[in-house]
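Written out below as structure tokens is the structure these notes cover.
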Amino acid sequence: MNNFFNDLQVKINEAIENSPAKDIERNVKAMMTQGFSKLDLVTREEFDIQAQVLAKTRAKLEALEARVAELEARLAAQQAS
């Protein structure tokens, strides 16, 4: 009985693989892949990496802005004395 179901599954899989629907699916995937390659898209991984780089850069910029403000305040205090 198990052999019958295995054979049936194999025949169904073969029918699906050889059906026009499978060809349409392959063609649609190929067209979409080609279309996406023409666009200037990035992968999610690349996007996440760039987002991390931007966050680090923003944090460094904020630290530098705070440092410059501190130095300007010191300079202004020295000039006032």
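Read-outs: derived from the displayed coordinates by stated rules, not from any lab. Note that the structure is a prediction, hence the values are computed from the model and not measured. Please note: Cβ atoms are built from the backbone with ideal geometry, for glycine as well, and neighbour counts cover all protein chains shown.
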Completion exercise
Screening 80, 59 for residues that are surrounded by 10 or more Cβ atoms within 10 Å (Cβ to Cβ), out of contact with any His (no Cβ under 7 Å at 6 or more places or on another chain) and small (Gly, Ala, Ser) leaves only 59
Exercise for the section: Being exposed (fewer than 10 other Cβ atoms within 10 Å of the Cβ) and among the hydrophobic types (A, V, I, L, M, F, W, C) narrows it down to one of 4, 47, so name that one. Expected result: 4
